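Read the structure below first, then the notes.
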Number of protein chains: 2
Amino acid sequence: MLSNIFNPKSIAVIGASRTPGKVGYDILENIIQYGYEGSVYAINPNASEILGIKSYPSLLDVPGKIDLAVVVVPSKNVIEVIGQCGAKEIDSAIVITAGFRESGLEGAKLENELIKKAKESGVRFIGPNCLGVIDTHSKVNASFAAGMPAKGSIGFFSQSGALCLAILDRALPDEIGFSKFISMGNKSDISDTDIMLALAEDDNTRVILGYIEGVSDGRRFMEVASEVSRKKPLIILKSGITSSGAKAASSHTGALAGREAAFDAAFKQSGVIRAHTINELFNYALAFANQPLPRGPYVAIITNSGGPGILAADACDKSDLQLIPLHKEIVDELRTFLPPVASFYNPIDILGDSGADRYEKALNTVLKDERINGVIVLLTPTAVVDVDATAMAVAHIASLIDRPILTSFMGKKSVESGSKILMKYNVPNYSYPEEAVSTLHAMYRYKVWINRQEKTYPPLNKLKEKAVYIFDKVREERRERFTESEVHDVLNAYGFSQPKSLFARTSEEAVAAAKGIGYPVVMKIVSPHIVHKSDIGGVRTNLNSKKDVENAFFDITTHVRNIMPAAYIYGVIIQEMIRGGKEVIMGITKDPQFGHMVMFGLGGIYVEVLKDVSFRIVPLSQEDAHDLVRETKTFPLLRGVRGEAEADIEAIERALLQLSQLSIDFPQIFEADINPLLVMKRGEGAVAIDARFSIGGE
Amino acid sequence: MLSNIFNPKSIAVIGASRTPGKVGYDILENIIQYGYEGSVYAINPNASEILGIKSYPSLLDVPGKIDLAVVVVPSKNVIEVIGQCGAKEIDSAIVITAGFRESGLEGAKLENELIKKAKESGVRFIGPNCLGVIDTHSKVNASFAAGMPAKGSIGFFSQSGALCLAILDRALPDEIGFSKFISMGNKSDISDTDIMLALAEDDNTRVILGYIEGVSDGRRFMEVASEVSRKKPLIILKSGITSSGAKAASSHTGALAGREAAFDAAFKQSGVIRAHTINELFNYALAFANQPLPRGPYVAIITNSGGPGILAADACDKSDLQLIPLHKEIVDELRTFLPPVASFYNPIDILGDSGADRYEKALNTVLKDERINGVIVLLTPTAVVDVDATAMAVAHIASLIDRPILTSFMGKKSVESGSKILMKYNVPNYSYPEEAVSTLHAMYRYKVWINRQEKTYPPLNKLKEKAVYIFDKVREERRERFTESEVHDVLNAYGFSQPKSLFARTSEEAVAAAKGIGYPVVMKIVSPHIVHKSDIGGVRTNLNSKKDVENAFFDITTHVRNIMPAAYIYGVIIQEMIRGGKEVIMGITKDPQFGHMVMFGLGGIYVEVLKDVSFRIVPLSQEDAHDLVRETKTFPLLRGVRGEAEADIEAIERALLQLSQLSIDFPQIFEADINPLLVMKRGEGAVAIDARFSIGGE
């Protein structure tokens, strides 16, 4: 895939320049100077030769076949050049030129024309407005970056060219190896997902690193990310500022879905390893690219000083990693060569007078404990320790075993060459112990993801038929909101239990309905003009007798007529009064990039004050529903506290899957809240007490 | 203070060695080679001269006066040497020698003897088991560290010698300046607080940095830290592993006070800036030592690339810092020299083709907006930018203004010399934008602390008298637990409202009591053998009539006799039944290092499931009580949600102060819970419904 971008047999630089410092010069120079072995053509109507290479007036004048066009001409000429690419049957281009969408309205127009022309001409392209592309294995450096990273196995793509520069510059002195380096620019043709797929297939790439500010098609992103992350670690730094502070949301679910909820959910559901800072992105990449994954959470720490050992242990404590005590035989063996005041458990403190040999022995001994899934080696530059020899010893052992070893040789001056030795032999070295721990933790979390079985989607696809007519009716009547009885019928079609309820136009009908349902009952006003019924005194609960019902009917209707004289009153609904159970809230909202999301949380104050809710992108798998319920902090309340019975958690999971299906069947749903859903004891189900639906968009 | 440690006129090294690589040699060499100008004496019975310095057989043979003794003799000889110090009227020593408390029981004994001998001899000392002490201003390097940090204003003390080495090694290549470097070792005489006070008084020290694993006297630590942190920033990295998993706690308060609760509270109450990783410790130190504090939260970001700008803005968003849009005049001025597609608001993106001059102009212009309290300058190493010139320009501007400027010149190779320029001119440069933001945030938080008024302690010291007899009685009877009526009387003495209640031995007395109090009432069994009354059916609520009371009395007593035949039943308590109000929990627990702490949280499931509680060390100031209540996540529930009235938050604060006073007056209190305290509407107070007290310890 995209092989002419990464491994072209010939490259033309359109807009090549004779002036050092100009982008058109720097790119040509980069292509030539890093050992690219294919043919290179310069295109510049005013030159006959640049950097020792023959220059042609136009692409069309080049005699041979061209695989890749690198475009650096002014923005107004780019479209013409792309047309020439088509004529010359060049199917791949990198558009370096800026001055498109990022520069305002005129630029956006130009970019749309560019997209159109490229499609017509059969040209796929990266950019515009990018730094270019580097492939260290095919030795292509079609970028104006200052330098070429070492050959390696990290594939990096970035929406920010600046971040490319910064990471490249950071990588050069330590000779950190990359397979590919892709500056995505405006992503107007080749997208993040295209690149993720290409890197997933690329044998030279072991770990995929990305920086994104947003995605254009959230669904497609998740689909591809899920596929890719099962093959290779996919580590993404996502920045989050949006100016959408004023998002209009009238539902709870919508109001609670902050700008990061969709990305958080999408990353979780598709196995993306999320880096939260550039430093983390970098730290993770080093370990994932160079060390095997830990098979479990058990970690040993070897250190020549107490303080850093404790700091590392603290960091483990805050993660899912566990410092288990070593087996007795291992401890006994350690005792044979460590001083008696060493610390033999975990962290293993081999003391400040350790040399390389003691490190080597200790590490070999600790690794004999087969339960240990990974080791972190800490070193403080004491006067006695030979840092380089220790680095060599650790690196040698690491190369022989299939468990991850990370190091933190602390300091700067004294550990510089040791750190380089470690890096050279694929052992990532971190400035501080906490970084090594958090990286190993990310590796363990990824291993857990990999080990999970396939997702299961219970069949729920026969439900739609019974609800289609309702959605049709709402659309025909050009409404956005559903009436109470429409909501009732939709929920019914999707298998939600609801209180028995009957509609009544008169006091007499209300009494008859109550009798039919059985006391006690709830009465609610029905009016197309009233949304928040209880706020205006339109709801009465706990009606226990004929008299109660008659009084309530009179009170409600009189009251509503008084305060909203213009409201048309259809009548009331008489509803079975459900007692007991725990209030939860669930809902559907729509994210502009990812589409429908399902929300879950405990109802009432938990959602209102603590905002303790969680989201998953639709469609939800059985496993997503399982995780979603358990992710809220208040989950233990459903398990039962103070001797209460456990709530019917399975019923909640079923309900979440039903909501997910509903939003798939009816993409026009804008928002939905079921609030509250009363969850009964285990095995006794859940009842949707109140709900609101609206459509819009699509 | 400790002037002979840091600025001695003469130093003797006892245990000086002729063998390079031995500690006794390295220290002597360090003292000599870094320009110390006082007299130096070597003490070694087997040498006449070491490193060109005359060596004496014993301290007592030295002719002149000695200010500081540096002790490197084997541990068994240290005590004798300290005795000689006394004889020679040397009042200060650094004991480098290891083999004391850290090495086991024998060593601990030896250390106790050392402490005793030093006291007798009038010698104050640092160590034992330490790396030594460095003072860059008096040019004393009485340590065996490899190197001497540059002269500067960071004072660093550390319980871990290894961390000293790592930080020193990290500081050397960047020439980061320190005033003093103190390896504390076992802290058996001179303590963290002694050093904090010395550094607070030291004119060469602008910021105090510490690493601690624990403190011996928590109270004293807080007292000193509060005093010091008002003068200078006090930044501490505290590691937390303890092996006290099995802490015995029978109260809620005790069980909820995790191992970090006391330190968290102590740091907050005394203005300590807590670093969470070594990296943070270092990052904070650079900025606090070299830049002024921001006077407010308003920050501007200047960047030559979008991605890093967004990442920095994201980080601001997660902190208390605010990116405000610049004034219109400022934006207009920026427009005069920035390209039209630049971003003029905040972050200000001056684009990838910026040179040093554009950075300079932009920074100068932004600073004209007087509302901006601090600026973060980001730079990506593009081909166009002259990194060193930009560094010079930024450093020059920073030197002229009294607002903080931090930078993140990203990358490594291309920014190395620029970064050195920035550091040299006191502008801290960070590898990643997020680090610059979190550091500026720490500076802002410290400024907020500094600006707070003095703490106020409302007078509550007359309450004790009324409760003394109760505590005396419990002690005399050798009990740990208080009876219900004793708890009642203590709470009463300390001003807590409680439900009206009367003791009744018979059914008739109970009926009379209920009549006196007024229906409805609550009935509780009273027995010295029953602690958890409701668990065994010993509590009845909502008794509305004579008949209810008679039935309840019969039921309770029969029931308790059946299931606990051996329990002695005194009778029952009839209690006013309080309705309404919100349940909160508060309590007292005892931390081994800091003593009594007061806890607060919302009652019921909030405390049981969410563990949403907070702590403060006693004594609480008015401000502590204020913060403590507001620190819990559930605090908005007290403010009132869903149109509820606000709870009487002042009553809660009063109650917390009363509890604080109680624990001061009676240090023998081991644990106390008031659970629940029912808080009424604003102005209507709070009622302690149930409580438990126990004494022990002291």
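Within the range B:273-299, count every residue that is assigned to a strand (DSSP E or B) and more than 16 Å from residue B:376 (Cβ to Cβ).
Residues of the range B:273-299 assigned to a strand (DSSP E or B): B:273-275, B:298-299.
So of that shortlist, the ones also more than 16 Å from residue B:376 (Cβ to Cβ) come out as B:273-275.
The number of residues fulfilling the criteria is 3.
Which of the residues spanning the range B:328-341 are of a type outside the set (A, V, I, L, M) and within 12 Å of chain A (Cβ to nearest Cβ)?
Passing the criteria: B:339, B:340.
Could you grab me the full set of residues in the range B:361-377 that are assigned to a loop (DSSP other than H, G, I, E, B) and either of a type in the set (Lys, Arg) or under 32 Å from the mean Cα position of the chain (by Cα) (or both)? Break it down stepwise before answering.
Taking the range B:361-377 and keeping what is assigned to a loop (DSSP other than H, G, I, E, B), we get B:368-373.
Of everything in the range B:361-377, those that are assigned to a loop (DSSP other than H, G, I, E, B) and either of a type in the set (Lys, Arg) or under 32 Å from the mean Cα position of the chain (by Cα) (or both) turn out to be B:368, B:371, B:372, B:373.
Check whether at least one residue in the range A:492-504 is farther than 28 Å from residue A:584 by Cα and in contact (Cβ under 8 Å) with a residue 24 or more places away in the chain, and report yes or no. Working first, answer last.
Filtering the range A:492-504 down to residues farther than 28 Å from residue A:584 by Cα leaves A:504.
Now drop any that are not in contact (Cβ under 8 Å) with a residue 24 or more places away in the chain, which leaves A:504.
Yes.
Quick check: anything in the range A:546-564 buried (at least 18 other Cβ atoms within 10 Å of the Cβ) and in a loop (DSSP other than H, G, I, E, B)?
Among the residues of the range A:546-564, not one is buried (at least 18 other Cβ atoms within 10 Å of the Cβ) and in a loop (DSSP other than H, G, I, E, B), which makes the answer no.
Residue-by-condition table, conditions (1) under 18 Å from residue A:94 (Cα atoms); (2) in contact (Cβ under 8 Å) with a residue 40 or more places away in the chain:
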| residue | (1), (2) |
| --- | --- |
| A:7 | yes, yes |
| A:12 | yes, yes |
| A:16 | yes, yes |
| A:21 | no, no |
| A:34 | no, yes |
| A:41 | yes, no |
| A:47 | no, no |
| A:59 | yes, yes |
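Can you pull out the residues in the range A:591-611 that are over 24 Å from residue A:658 (Cβ atoms) and aliphatic (A, V, I, L, M)?
Residues satisfying the conditions are A:605, A:609, A:610.
Going by the structure shown, is residue A:160 hydroxyl-bearing (Ser, Thr, Tyr) and either surrounded by 24 or more Cβ atoms within 10 Å (Cβ to Cβ) or under 27 Å from the mean Cα position of the chain (by Cα) (or both)? Working first, answer last.
On the way: hydroxyl-bearing (Ser, Thr, Tyr): yes; either surrounded by 24 or more Cβ atoms within 10 Å (Cβ to Cβ) or under 27 Å from the mean Cα position of the chain (by Cα) (or both): yes.
For residue A:160, the condition - hydroxyl-bearing (Ser, Thr, Tyr) and either surrounded by 24 or more Cβ atoms within 10 Å (Cβ to Cβ) or under 27 Å from the mean Cα position of the chain (by Cα) (or both) - is met.
Considering only residues that are touching a helix residue (DSSP H, G or I) at 6+ places or on another chain (Cβ under 6 Å) and either more than 10 Å from chain A (Cβ to nearest Cβ) or surrounded by fewer than 14 Cβ atoms within 10 Å (Cβ to Cβ) (or both), which ones fall in the range B:310-327? Before you say what the answer is, go through the steps one by one.
First, the residues of the range B:310-327 that are touching a helix residue (DSSP H, G or I) at 6+ places or on another chain (Cβ under 6 Å): B:311-312, B:315-316, B:319, B:321, B:323.
B:319, B:321 - these are the residues of the range B:310-327 that are touching a helix residue (DSSP H, G or I) at 6+ places or on another chain (Cβ under 6 Å) and either more than 10 Å from chain A (Cβ to nearest Cβ) or surrounded by fewer than 14 Cβ atoms within 10 Å (Cβ to Cβ) (or both).
Please give the number of the condition residue A:330 fails out of (1) free of Cβ contacts under 8 Å to residues at least 40 places away in the same chain; (2) buried (at least 22 other Cβ atoms within 10 Å of the Cβ).
For residue A:330, the exception is condition (2).
Mind listing whichever residues of the range A:402-418 are more than 7 Å from chain B (Cβ to nearest Cβ) and surrounded by fewer than 24 Cβ atoms within 10 Å (Cβ to Cβ)?
A:402, A:403, A:416, A:417 - these are the residues of the range A:402-418 that are more than 7 Å from chain B (Cβ to nearest Cβ) and surrounded by fewer than 24 Cβ atoms within 10 Å (Cβ to Cβ).
Among the numbered conditions (1) more than 30 Å from residue B:295 (Cβ to Cβ); (2) surrounded by fewer than 18 Cβ atoms within 10 Å (Cβ to Cβ); (3) not aliphatic (A, V, I, L, M), tell me where residue B:456 comes up short.
Looking at each condition in turn, residue B:456 falls short on (1).
Of the residues A:627, A:648, which single one is within 19 Å of the chain's Cα centre (by Cα) and of a type outside the set (Ser, Thr, Tyr)? Even if it seems obvious, please write down each step before you answer.
On the way: A:648 fails: within 19 Å of the chain's Cα centre (by Cα).
Selected residue: A:627, the only one of A:627, A:648 that is within 19 Å of the chain's Cα centre (by Cα) and of a type outside the set (Ser, Thr, Tyr).
Scan the range B:342-360 and tell me whether some residue there is away from chain A (no Cβ under 14 Å), farther than 23 Å from residue B:173 by Cα, basic (Lys, Arg) and under 38 Å from the mean Cα position of the chain (by Cα).
no
Determine if the range B:339-356 includes at least one residue that is buried (at least 20 other Cβ atoms within 10 Å of the Cβ) and either under 30 Å from residue B:237 (Cα atoms) or aromatic (Phe, Trp, Tyr) (or both).
no
Any chance you could count how many residues in the range A:378-398 are under 24 Å from residue A:441 (Cα atoms), at pLDDT 95 or above and either within 14 Å of chain B (Cβ to nearest Cβ) or more than 41 Å from the chain's Cα centre (by Cα) (or both)?
2
Within the range B:659-698, how many residues turn out to be among the charged types (D, E, K, R), at pLDDT below 90 and over 28 Å from residue B:523 (Cβ atoms)?
1
Taking the conditions exactly as written (within 15 Å of residue B:588 (Cβ to Cβ) and surrounded by fewer than 19 Cβ atoms within 10 Å (Cβ to Cβ)), does residue B:674 satisfy them or not?
no
If a residue must be part of a helix (DSSP H, G or I) and either over 26 Å from residue A:312 (Cα atoms) or within 14 Å of another protein chain (Cβ to nearest Cβ) (or both), how many such residues does the range B:207-224 contain?
Residues of the range B:207-224 that are part of a helix (DSSP H, G or I), as a first pass: B:218-224.
Then keep just the ones that are either over 26 Å from residue A:312 (Cα atoms) or within 14 Å of another protein chain (Cβ to nearest Cβ) (or both); that gives B:219-220, B:222-224.
Result for the range B:207-224: 5.
Tally time: how many residues in the range B:419-441 are farther than 29 Å from residue A:238 by Cβ and within 14 Å of another protein chain (Cβ to nearest Cβ)?
Selection size over the range B:419-441: 2.
Would you mind stating whether residue B:89 is more than 30 Å from the chain's Cα centre (by Cα) and either farther than 30 Å from residue B:174 by Cβ or in contact (Cβ under 8 Å) with a residue 60 or more places away in the chain (or both)? Can you show your working first?
On the way: more than 30 Å from the chain's Cα centre (by Cα): yes; either farther than 30 Å from residue B:174 by Cβ or in contact (Cβ under 8 Å) with a residue 60 or more places away in the chain (or both): yes.
Yes: the conditions hold for residue B:89.
Anything in the range B:552-609 that is hydroxyl-bearing (Ser, Thr, Tyr) and within 14 Å of chain A (Cβ to nearest Cβ)? List them, or say none. Before you say what the answer is, go through the steps one by one.
Taking the range B:552-609 as the starting set, the residues that turn out to be hydroxyl-bearing (Ser, Thr, Tyr) are B:557-558, B:568, B:570, B:589, B:606.
B:606 - this is the single residue of the range B:552-609 that is hydroxyl-bearing (Ser, Thr, Tyr) and within 14 Å of chain A (Cβ to nearest Cβ).
Please state which one of B:598, B:572 is under 33 Å from the mean Cα position of the chain (by Cα) and over 21 Å from residue B:682 (Cβ atoms). Break it down into steps so the answer makes sense when it comes.
On the way: B:572 fails: under 33 Å from the mean Cα position of the chain (by Cα).
Checking each option against the conditions leaves just B:598.
Results for (1) in contact with a Lys or Arg (Cβ under 6 Å, 6 or more places away or on another chain); (2) within 14 Å of chain A (Cβ to nearest Cβ); (3) at positive phi, shown as yes or no for each residue.
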site	(1), (2), (3)
B:106	no, yes, no
B:110	no, yes, no
B:114	no, no, no
B:122	no, no, yes
B:132	no, yes, yes
B:136	yes, no, no
B:142	no, no, no
B:147	no, yes, yes
B:159	no, yes, no
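Just one of the numbered conditions (1) closer than 20 Å to residue A:147 by Cβ; (2) part of a helix (DSSP H, G or I); (3) away from chain B (no Cβ under 14 Å) is not true of residue A:24; which one?
So residue A:24 meets the others, but not (3).
Return the only residue of B:578, B:574, B:585 being touching a residue at least 24 places away in the same chain (Cβ under 8 Å), among the β-branched types (Val, Ile, Thr) and in a loop (DSSP other than H, G, I, E, B). Spell out how you get there, then give the answer.
Details: B:574 fails: in a loop (DSSP other than H, G, I, E, B); B:585 fails: in a loop (DSSP other than H, G, I, E, B).
Exactly one residue qualifies, and that residue is B:578.
Only one residue in B:194, B:203, B:174 is of a type in the set (Asp, Glu) and within 11 Å of chain A (Cβ to nearest Cβ). Which one? Please lay out each step first, then the result.
Working: B:194 fails: within 11 Å of chain A (Cβ to nearest Cβ); B:203 fails: within 11 Å of chain A (Cβ to nearest Cβ).
Step by step, each of B:194, B:203, B:174 is checked, and only B:174 is of a type in the set (Asp, Glu) and within 11 Å of chain A (Cβ to nearest Cβ).
The values are calculated or read from the model by the stated rules, or taken from the named source; none is laboratory data. The shown structure was predicted, so the numbers you read here are calculated from the model rather than taken from an experiment. For neighbour counting, all protein chains shown are included, and Cβ atoms are generated from backbone atoms with ideal geometry for every residue, glycine included.
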